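Scroll down for the structure; my scribbles are underneath it.
The values are calculated or read from the model by the stated rules, or taken from the named source; none is laboratory data. Predicted model only: the values in this text are computed from it and were never measured. Cβ placement follows ideal geometry from the backbone for every residue including glycine, while neighbour counts extend to all protein chains displayed.
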Amino acid sequence: MNLSPALSTKTRSYLSANSRILFWIPTLLFLFSFFFFPLFKILALTFNFETLADFDNLLVARDSLLFTFYQAALSTLLTFALGLPAAILFAKFNFPGKSLLRALTAVPFMLPTVVVAAAFNSLLGERGLFATTFDLLLSTFDLQPSTFNFILILIAHTFYNTSIVIRIVGNAISRLDPKLESSARVLGADTFHVWKDVILPILRPSLLAAALLVFMFDFTSFGVILLLGGSQFATLEVEIYIRALQLPNLNLAALLSVIQLIFTLVFSILYSRTINQVSTQTAPRFSASRPPKTLRERLFVFTGYWILLTFFLLPLLSLPIRSFTRLEADRGQRTEVQYGFTTDYYEELFINRRGSLFYVPPVQAALNSLGFAGITVILSLALGYPAAYALAKPTRLEKFLDPFLMLPLGASAVMMGLGFILSFGRLIASPFFIPIAHTLIALPFVIRTLQPALASIPERLRQAASTLGASPLRVWQAVDFPILSRATLSAATFAFTVSLGEFGATLLITRPEYPTIPIAISRFLSQPGGLNYGQAMAMATVLMLLTTLSILLIEKLRFNNAGEL
Amino acid sequence: MLELRNVVKSYEGKPLLTDISFTVAQGETICLLGASGSGKSTILRMIAGLDFPERGAILLNSLDLAGTPPHLRDFGLVFQDYGLFPHLNVFDNIAFGLKMRNVPVDEIKQRVSVLLEQVNLSGFDSRKVTDLSGGEQQRVALARALAPSPRLLMFDEPLGALDRSLKEDLLNEIRGILHKTKIPAIYVTHDQEEAFTIADRILVLHEGTIIRDAAPQEIWKEPQYAAVAKLLGIGNIIDAEIISDKKVRTEFGTFDINCANNIGEKVQLLIQEFPSPSGRGVRGEGEAQIQLTVEDVLFKQDQFQVKARGGIVIHMKEAPKVDDVITVQVQVKCLS
């Protein structure tokens with residue numbers, strides 16, 4: 001009898017310390033050269049006399065930090081104003097179209113920032129579908145265009161993050177035992193005390209967790225702010241970008257990214273602490289949701305339904321509509337404009353015009369994006385697989401290394417871009433740094449998607465296969481592959497989507513010859529003329545479609561709760 | 001004291017309670033017995049003010065409670081799954097009702113420690129309720145309901161989630177506390193043993209109304225209704241047909257009893273062992289002998305439970321053999 005299959009299973013299941021380290025080498029090498037080394041560069045530049053002794057630097061840092069807090073706090077408030085009633089709506093009531101509406105509210109969360117920015121621009125922006133309404137609003141309320149843009153940013157943040165409140169707080173509400181309220185009332189609590197002494201204290205961890213997460217996302221928001229507001233809204237992120245490229249002061253940029261990193265880490269730690277409290281309270285689910293009964297309940301469900309539907313559907317619809325509608329002259333000519341339906345914006349994408357924004361036809365941006373996304377998929381799978389394999393059966397080594405793998409999540413994309421500029425200087429003219437940056441961002445997600453699938457393969461299955469005479473390769477084919485193929489495809493799609501939509505890091509390291517779709521959209525948006533604006537709309541529509549298809553694919557492939565971080 | 005007057009309530013468009021009327025006197029414990037889904041809990045919720053009758057009235061000392069919200073009713077309610085506040089410790093759970101009534105802190109401390117002693121949980125003050133066992137949680141829930149000295153206590157299948165021996169202990173404790181405090185109580189259950197242990201009076205809820213309202217021993221003697229006998233596990237119920245004024249025919253033979261039904265009608269009869277093993281029962285009408293074919297014999301402590309063909313169960317001192325035909329003295333009663 002041949003003993004080798006049994007032996008090889010043993011080595012597969014209990015990787016020796018040496019082979020474990022071998023598994024880690026490519027991933028760690030990658031992280032060290034492209035994350036920790038740039039991070040070190042940023043830190044070195046921050047903690048030097050020249051940076052910290054410059055009073056102007058500190059002033060800018062203080063102002064942008066304060067403004068970041070201010071806009072994040074307002075955005076969080078607005079998100080809760082919409083999210084809390086929505087969470088109650090989904091947790092307490094059943095109504096036709098509920099699951100569809102719920103899915104709709106979750107769509108923005110996965111959309112690239114440029115798409116969301118373009119969508120709100122197409123709806124409420126000064127060149128959007130409701131441009132006349134926009135003018136009217138400005139004059140009636142005597143608003144400055146900049147104030148209006150600021151409001152637009154807050155609304156876009158709300159659009160992005162409402163689903164977080166719905167998910168975290170809604171879950172907690174649906175887990176609330178209705179008997180607690182009954183008990184409290186019978187014991188003498190009126191409605192005020194029921195909320196103050198029972199419901200709110202029980203919901204507090206989840207409210208806090210949702211608030212922290214929403215605040216963190218608003219705090220680090222970049223694309224939405226830059227594209228809807230412009231560089232006048234100098235949050236930390238925007239200021240890093242300005243100081244890295246427009247008004248170069250790399251010392252200040254480094255200082256700002258360190259401040260940003262510190263706050264993000266603090267928020268993440270607070271968040272993971274509170275979310276742990278939430279999960280310890282996972283009492284059995286009470287199927288408390290029911291059709292609305294009283295008139296007040298029906299009114300609540302009806303208005304809630306229509307507000308949510310309008311709010312989440314309108315921007316997503318107005319973007320494609322605007323991409324087919326001519327509202328202004330193509331190049332600011334004074335001749336009469338043909339208003340109405342047009343396919344020009346799409347056709348123009350394929351034409352390389354002299355005087356256009358790029359040296360290449362805009363469609364080249366799409367090809368670049370697809371190419372970068374392909375490389376990102378290959379790279380992140382190649383690096384993610386060994387790490388996920390080792391993490392699936394963690395030893396002390398893995399438990400020690402795991403937080404380091406997730407650390408890139410805490411760094412903003414703009415900061416990564418800055419790190420690349422500081423570390424690799426002129427080398428970043430090479431287009432290969434773009435997929436490397438995208439891989440850094442996608443890698444934690446890829447690992448977290450693969451890891452549970454790998455961990456879920458029972459060792460006994462492998463042993464059974466090998467005692468039945470399967471060679472190691474056959475074992476892998478028969479057991480591992482079917483289980484892994486779904487997770488792999490899911491992880492690959494994830495990396496692909498991240499790369500397609502990535503804006504912050506790309507903006508800092510890209511060269512004009514290699515625009516990606518998001519870069520092209522942002523450049524088109526910043527230029528005058530109806531044709532440029534229309535092309536931005538057209539490209540954003542294409543990107544939205546691609547991303548939506550990817551989301552649907554990931555949802556179909558979702559392996560239990562894999563990919564949740 | 002408490003009175004329900006012709007209370008009507010439907011659930012999702014279907015009638016649930018068609019006409020409920022009963023009273024609870026001061027110091028009395030009544031037991032509301034009914035199958036699951038019969039609307040027992042709804043009655044409690046309406047008394048507590050958490051739900052509203054569609055018609056009829058609920059009165060306390062002759063005053064209609066309709067306008068009184070639950071938090072002003074001064075009632076206590078104990079649930080099967082406790083309903084303890086997970087974010088509060090034992091002390092704060094019990095103190096909740098007192099705090100709502102703005103009782104001074106010193107008094108609250110005193111009262112809670114007395115209650116903890118009463119439910120045998122002294123020293124548990126600062127424990128998390130989520131770390132307690134089921135029995136301990138239910139004790140906390142009991143103390144919490146007792147704390148504000150409610151005018152009425154309600155129990156909604158309080159022991160349903162506990163195991164047997166714990167159930168007995170806690171049932172006796174509740175009984176003791178109710179006796180001592182003289183707080184009137186409504187105890188809802190579907191478990192006849194609990195009902196017989198705790199109730200001064202048993203009310204049987206069936207198809208939306210209360211079909212029987214009597215002391216436990218009376219109900220045991222005269223269940224009157226097949227539903228009552230079934231619910232309380234009294235005797236055996238068999239189908240019969242009325243063949244004349246004083247005769248009914250069954251698969252076990254013909255009996256001489258007078259049911260208030262027309263000839264040809266189908267009725268149900270209650271067959272009780274006679275004399276019953278514990279010496280219950282009085283000689284009289286409906287006495288008969290029937291022949292049973294033994295199907296199964298089970299040993300039960302000091303006697304044998306004999307299952308016979310036709311689904312009849314009796315108890316005997318000596319174990320018969322399977323397939324034996326035995327003759328048994330029984331008492332037959334009409335049920336409606």
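Some notes on this structure:
- Among residues of the stretch B:106-158, those that are closer than 20 Å to residue B:189 by Cα and of a type in the set (S, T, N, Q), counted: 2
- Any hit, the stretch A:149-171, residues being of a type in the set (Gly, Ala, Ser) and at pLDDT below 90: no
- From the list A:275, A:307, the lone residue that is surrounded by fewer than 19 Cβ atoms within 10 Å (Cβ to Cβ) and more than 21 Å from the chain's Cα centre (by Cα) is A:307.
- Flag if residue B:3 is of a type in the set (Asp, Glu) and touching a Ser or Thr at 6+ places or on another chain (Cβ under 6 Å): yes
- Whichever residue in the stretch A:458-482 is in a loop (DSSP other than H, G, I, E, B) and without any contact (Cβ under 8 Å) to a residue 60 or more places away in the chain and, among such residues, is farthest from residue A:407 (Cα to Cα): A:468
- Odd one out for residue A:209, checked against (1) surrounded by fewer than 24 Cβ atoms within 10 Å (Cβ to Cβ); (2) more than 14 Å from chain B (Cβ to nearest Cβ); (3) part of a helix (DSSP H, G or I): (1)
- Of all the numbered requirements in (1) under 25 Å from residue A:38 (Cα atoms); (2) in contact with an Asp or Glu (Cβ under 7 Å, 6 or more places away or on another chain), residue A:530 misses one, and that requirement is (1).
- Cβ-Cβ contacts under 6 Å between residues 6 or more apart (or on different chains), taken from a first residue in the stretch B:48-71 that is among the charged types (D, E, K, R) to a second residue that is in a strand (DSSP E or B), are listed as B:54/B:8; B:54/B:9; B:55/B:8; B:64/B:57.
- Every residue from the stretch A:199-220 that is in contact (Cβ under 8 Å) with a residue 24 or more places away in the chain and out of contact with any Ser or Thr (no Cβ under 7 Å at 6 or more places or on another chain): A:202, A:203, A:206, A:207, A:210, A:213, A:217
- Members of the stretch A:166-179 found to be facing chain B (nearest Cβ under 7 Å) and either assigned to a helix (DSSP H, G or I) or within 30 Å of residue A:75 (Cβ to Cβ) (or both), listed by number: A:179
- The stretch B:140-162, subset of a type in the set (D, E, K, R) and in contact with a helix residue (DSSP H, G or I) (Cβ under 6 Å, 6 or more places away or on another chain), residue nearest to the other protein chains (Cβ to nearest Cβ): B:144
- Any hit, the stretch A:180-198, residues being closer than 17 Å to residue A:67 by Cβ and in contact (Cβ under 8 Å) with a residue 12 or more places away in the chain: no
- Hits in the stretch B:105-139 - residues which are hydroxyl-bearing (Ser, Thr, Tyr) and either within 11 Å of chain A (Cβ to nearest Cβ) or in contact with a Gly (Cβ under 9 Å, 6 or more places away or on another chain) (or both): B:130
- Summed over the stretch B:44-66, the residues that are among the aliphatic types (A, V, I, L, M) and either at the interface with chain A (Cβ under 8 Å from one of its Cβ atoms) or part of a loop (DSSP other than H, G, I, E, B) (or both) give a count of 4.
- Meets criteria (away from chain A (no Cβ under 12 Å), more than 19 Å from residue B:206 (Cα to Cα) and of a type in the set (Lys, Arg)) for residue B:40: no
- Residue among B:210, B:242, B:198 that is under 12 Å from the mean Cα position of the chain (by Cα), buried (at least 18 other Cβ atoms within 10 Å of the Cβ) and not basic (Lys, Arg): B:198
- Among residues of the stretch A:131-159 that are farther than 30 Å from residue A:87 by Cβ and assigned by TED's automatic domain parsing to the domain that holds residue A:76, those with a beta-carbon under 7 Å from a residue that is surrounded by 11 or more Cβ atoms within 10 Å (Cβ to Cβ) and among the aromatic types (Phe, Trp, Tyr) at least six positions away or on a different chain give the pairs A:138/A:148.
- Per this entry, residue A:481 is not counted among residues that are of a type in the set (Phe, Trp, Tyr) and touching a helix residue (DSSP H, G or I) at 6+ places or on another chain (Cβ under 7 Å).
- Residues of the stretch B:222-265 that are over 18 Å from residue B:328 (Cα atoms), touching a strand residue (DSSP E or B) at 6+ places or on another chain (Cβ under 9 Å) and part of a strand (DSSP E or B): B:239, B:240, B:241, B:242, B:243, B:247, B:248.
- The stretch A:483-520, residues that are assigned to a helix (DSSP H, G or I), among the β-branched types (Val, Ile, Thr), out of contact with any Ser or Thr (no Cβ under 6 Å at 6 or more places or on another chain) and touching a residue at least 40 places away in the same chain (Cβ under 8 Å): A:488, A:498, A:509
- For residue A:511: the one exception among (1) farther than 30 Å from residue A:126 by Cα; (2) surrounded by fewer than 20 Cβ atoms within 10 Å (Cβ to Cβ): (1)
- Test: residue in the stretch A:180-195 that is at the interface with chain B (Cβ under 10 Å from one of its Cβ atoms), on the phi > 0 side of the Ramachandran plot, at pLDDT 90 or above and not in a helix (DSSP H, G or I): yes
- Any hit, the stretch A:225-244, residues being farther than 24 Å from residue A:120 by Cβ and either within 14 Å of chain B (Cβ to nearest Cβ) or part of a helix (DSSP H, G or I) (or both): yes
- Single residue of the stretch B:67-98 satisfying the filter (modelled with pLDDT of 90 or more and away from chain A (no Cβ under 14 Å)) that is nearest to the chain's Cα centre (by Cα): B:90
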